[in-house]
Amino acid sequence: MTAPRGSQSAGRGADKRRASRELRRRREALRWWTQPGVLLFGGAICLATIGWGLVIQAGRRIPVEEATIDGLYLHLEQARWILDQMDHGENFQKPSVMMPDMPEWGRQRVTLELAFHNRSPESRVYDGSEFFLVPDLGDAVPPVGAQAGRARLAPGQTFNTAVHFDFDTTAPHGKLRVEWRRGGESVFFPVPEPAEHYHLRPRGGEVAFPPQARMVLPLGEPERGRRLFVGVYGCVACHGDPEVPGSNNVGPHLAGIGRAAGGRIEGKSAAQYVYESIIEPGAFIAPECKGGLPCSEPTAMPEYASLMSLQDLADVLSYVAGLTD
């Protein structure tokens, strides 16, 4: 039996009215979140969430001076900048071959002295490639030089080393940190502000040391001076290992310098001779360099006076002046 045509029309009209009411109800239900106050509240929640996320991320980058990862304890002894190979007063670019293993023109080197101790009951491996110099702006920089090596530490063993990074400090970089990445974990260590590049520094801006070593220096520690000589200041790159004959590259070999220097300048002790040679490169020209040839003039030795603390200078001096054999 077929329903009357009028009844069908009425039914369709009722359906449309119900659909229209349902649509209005849904619009009313959703209208609350479009109110200004609700939008402001929602925006504040979003900003707070983002802000906390940034705080947590920044907290993970807060530098520390000691940390333990995977049972390997690390203490940052010190971090310092060594200026580029040209930083001893010239205004010309010296070929890099004259200063082997030193930063190229326009770059500076930051060196970290690190002390490790294996607190694990099992052996652990130190790996220099786990360290990176991380700027706020730019890419992470891996270490340079032979010190970025590996060493196995037995349980309870202590190990000291230095890690070096060459970096263009004239480019925008923001804050600098050194990151230790190991086993999926990472920790950051502080890096001091870079030293001013020599060609941006006015002449005469170097630290002035008194002329006499005995007037200024504390008691030196030869063993620490040896570590500074080999690692931090890179003296070994030019002067070689005093215990290995002929290992020098540019500068004079220093075996026996503690004895020979005392007779080179009348009235100057060996310690005073070495002291003046460090704080004023070119004060004296050594008689013999690589292969027995005369040392070049002017000197190729970098300027270290503005970089060394009094204690560092005393330690290096005690080590070098003690080389009497």
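Determine the principal axes of the Cα atoms in the stretch 213-270, then give the extent along each, sorted from largest to smallest and rounded to whole angstroms.
Sorted from largest, the Cα extents of the stretch 213-270 read 31, 25, 16 Å.
Suppose the chain between residue 115 and residue 64 were pulled fully straight at 0.36 nm per residue; how much longer would it get relative to their current alpha carbon spacing?
17.0 nm
Would you grab the residues whose amide H sits under 5 Å from the one on residue 178? Only those 5+ places off in sequence or on another chain, please, with H modelled 1.01 Å from N.
134, 189, 191
How high is the relative contact order of the stretch 267-325, in percent, with contacts defined as C-alpha pairs under 8 Å that are six or more residues apart?
For the stretch 267-325, the relative contact order is 37 percent.
What does the charge add up to near residue 257, with Lys and Arg as +1, Asp and Glu as -1, over the other residues with Cβ less than 15 Å from its Cβ?
Neighbourhood net charge equals -1.
Under the 0.36 nm per residue contour assumption, what length would be gained going from the current alpha-carbon distance of residue 241 and residue 151 to full extension?
30.3 nm
Read-outs throughout are calculated quantities, based only on the coordinates presented, and are distinct from any laboratory measurement. For clarity, every value in this text was computed on a predicted model and none was experimentally measured. Cβ sites come from the backbone with ideal geometry, for glycine too, and all protein chains shown count toward neighbours.
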